[in-house]
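What follows is a short report on a single structure.
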Amino acid sequence: MEDDEFMALYNAGKFKEALTFINGGKEKAKYSPSRYAIDKKIGKPVFYRGNKRVERDENGEWQPAKGKYEG
């Protein structure tokens, strides 16, 4: 559901609003994403903090991604 709302903002050209939405007001958290890219194969966002890829864990907190990206 979150991905759908994120993509709606992205497709509307509201890039900063999309990143703010996905962070949920926690922009200063240690692993919250600072940028993203859209995977062209599957059309889903991939989030990064600096040069490191981050993903949400079971609790919804941002953590460094485990393993290689399999887009």
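Anyone know which of Asn51, Asn59, Asn23 comes out most mobile in the 10 Å Cα GNM of the chain? Top of the fluctuation ranking is Asn59. Relative to the Cα centre, the charge distribution of the chain, modelled as +1 at Lys and Arg Cβ and -1 at Asp and Glu Cβ, gives a dipole magnitude of about 480 debye. Summing Lys and Arg as +1 and Asp and Glu as -1 over all other residues whose Cβ lies under 13 Å from the Cβ of Arg35 gives a net charge of +3. Given R0 = 22 Å, the distance between the Cβ atoms of Glu27 and Lys66 translates into a calculated FRET efficiency of 0.45. A straight Cα-to-Cα reach below 14 Å connects Lys28 with the aspartates and glutamates Glu61, residues fewer than 8 places away in its own chain not being considered.
Distant-in-sequence amide contacts of Val54, defined by a placed amide H-H separation under 5 Å and a gap of 5 or more residues or a different chain, comprise Phe47, Tyr48, Arg49, Ala65. Across the range 47-60, rounded Karplus estimates of 3J(HN,Hα) from the backbone phi angles (6.51 cos²θ - 1.76 cosθ + 1.60, θ = phi - 60°) give 9, 9, 10, x, 9, 9, 7, 10, 9, 7, 8, 4, 8, x Hz, Gly and Pro being marked x. Anisotropy class assigned to the range 2-64 is prolate, per the alpha carbon gyration tensor with a/c at or over the 1.5 cut-off and a/b larger than b/c.
Residues in the range 13-21 carry Karplus couplings, in order, of x, 9, 5, 5, 5, 5, 5, 5, 4 Hz; the curve used is 6.51 cos²θ - 1.76 cosθ + 1.60 with θ = phi - 60°, and Gly or Pro positions show x.
Restriction of the trypsin sites (Lys or Arg not before Pro) in the range 1-70 to DSSP coil positions whose beta-carbon has at most 15 other beta-carbons within 10 angstrom yields Lys14, Lys26, Lys28, Lys30, Lys40, Lys41, Lys66, Lys68. Going from the fewest other Cβ atoms within 10 Å to the most, the residues Phe21, Phe47, Phe6, Phe15 appear in the order Phe15, Phe21, Phe6, Phe47. When the charge dipole of the chain is built from unit charges on Cβ atoms (+1 for Lys and Arg, -1 for Asp and Glu) and taken about the Cα centre, the candidate among Gly43, Ala12, Ala29 whose Cα reaches farthest toward its positive end is Ala29. Only helices enter this figure: runs of n ≥ 4 DSSP H residues, each worth -39500 (n - 2.57), summed and divided by the residues of the chain, yield -7500 deg cm²/dmol at 222 nm to the nearest 500.
Read-outs throughout are calculated quantities, based only on the coordinates presented, and are distinct from any laboratory measurement. What you are looking at is a predicted structure, and each value in this text was computed from that prediction instead of being measured. Glycine gets a Cβ as well: all are built from the backbone with ideal geometry, and neighbour counts include every protein chain shown.
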